[in-house]
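The values are calculated or read from the model by the stated rules, or taken from the named source; none is laboratory data. None of the values given here were measured: they were computed from a predicted structure. Heads up, the Cβs are rebuilt from the backbone with ideal geometry, glycines too, and the neighbour counts pull from every protein chain shown.
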Amino acid sequence: MTTTVAPTAALSAADRCDRCGAQAYVRAELASGFELLFCAHHARAHDEKLREVAATIHDESDRLTTTTPATAPAEEH
């Protein structure tokens, strides 16, 4: 899915998929001003149709594959 840079806030854990309720990683903004939120799975499943109807698509699904550094002190690892 191609990421379109849009002047919108980043998605958070409070943003939920409109299809299943899982955490949303993709926001599709429609020309009407409404938006649809999808988990990565449903965004991929509906990718073709989303590209037809969305004015912009904000995709943060790459966050699923990035790792964050450990927060515990090194001696606790």
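Would it be correct to say that E76 is more than 12 Å from the chain's Cα centre (by Cα) and at pLDDT below 95? So E76 passes the test.
So that you can scan it fast, the table gives a plain yes or no per residue for (1) of a type in the set (K, R); (2) assigned to a helix (DSSP H, G or I); (3) surrounded by fewer than 16 Cβ atoms within 10 Å (Cβ to Cβ); (4) at pLDDT below 95:
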site	(1), (2), (3), (4)
A6	no, no, yes, yes
A13	no, no, yes, yes
R19	yes, no, no, no
R27	yes, no, no, no
A43	no, yes, no, no
E48	no, yes, yes, no
A55	no, no, yes, no
